[in-house]
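Visitor: Before I ask anything, here is the structure I am working with.
We did not get these values from a lab; they are worked out from the coordinates using the rules stated. Not measured: the values here are computed from a predicted model. Here the Cβ positions follow ideal geometry from the backbone for every residue, glycine too, while neighbour counts run over all protein chains shown.
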Amino acid sequence: MAVWLSGCSTTEVDKTANWSPNKIYSEAKDELNGGAYDKAIPLFEKLEGRAAGTPLAQQAQLDKAYAYQKSGDQAQAIATLDRFIKLHPASPALDYALYMKGIVNFNDNLGLFSFITRQDLSERDQKAAKESFESFKELTTRFPDSRYSPDARQRMVYIVNSLAQYEVHVARYYYTRGAYVAAINRAQSALTDYRDVPSLEEALYIVMKSYEALGMTALRDDTQRVLETNYPKSEYVRNGFKAKEQPWWKVW
């Protein structure tokens, strides 16, 4: 009996049992705005059940995704947004859901401590960057006049630059280790797949230097002509590889 009573005494009471959906939402938003994400998330979940089928439940789902993102749980944030997009394809907030999905992957790819390590996005795995780009692309295609589309377009440009730079980063890695054929192949991937991005100058330089290291002087000279034609003031031709400095990307 004593054990049974002890168990009963630890049973949690649902303080929201008699709350209205609006009160639950108000309390959840207060917790969210105060940074208490672990308290906000279960409140949003309760609201989803209590107000199912209403715009308030949809808002709770979006706010829950935001709370997951702010708490660092990117996987749950994406899962919540995917569920929203699947369940509410005609929602007026669909553009925001797509934008948020892009943002979650964008920030996940940047990494929490990249500003300390000076590691830029181009040096990280590109899966999240590609998924972020796809979300922003869907947003700007389906909702070109959305308030979120201008920012999404800027981030898409940044992502394309980073994807190209990633290929060049790998090419340079191969070059510095004497794997010249691999370096050429990776640099040429960037040259083939991307246009008008800053990293193509270095890609051409890596191809040129790799041909030189392989003793393929005719191909080296051809590549050098292309490099100097497209970049007549190339710092790479004059000074070689640049030392790593502050990341070129803009922190959002």
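Visitor: Given the Cα-Cα distance of THR217 and GLU45 and 0.36 nm per residue of separation, how much length would full extension add, in nm?
Guide: Additional length available on full extension: 55.3 nm.
Visitor: Let me ask another. Excluding residues fewer than 8 places away in the same chain, name every one of the aspartates and glutamates whose C-alpha is closer than 17 Å to that of LYS64.
Guide: GLU27, ASP30, GLU31, ASP38, GLU45, GLU48, ASP73, ASP82, ASP95
Visitor: For the range 204-229 and the range 40-62, compute the distance between their C-alpha centroids and round to whole Å.
Guide: Each part reduced to its Cα centre gives a spacing of 60 Å.
Visitor: Sticking with this structure for a sec: For the pairs LYS127/LYS242; LYS101/LYS127; LYS15/LYS86; LYS29/LYS137, flag any whose C-alpha to C-alpha distance is greater than 20 Å.
Guide: LYS127/LYS242; LYS15/LYS86; LYS29/LYS137
Visitor: At 7 Å along the Cα-to-beta-carbon direction for both LYS23 and ASP145, put a label point, then send me their distance in nm to one decimal.
Guide: The answer from the label model is 4.2 nm.
Visitor: Given R₀ = 45 Å, FRET efficiency for GLU134-VAL13 by Cβ-Cβ distance, to 0.05?
Guide: Taking R0 as 45 Å, the efficiency between GLU134 and VAL13 is 0.50.
Visitor: Please go through the range 11-96 and write out the trypsin sites (Lys or Arg not before Pro) that DSSP classes as loop and that have at most 14 other C-beta atoms within 10 Å.
Guide: LYS15
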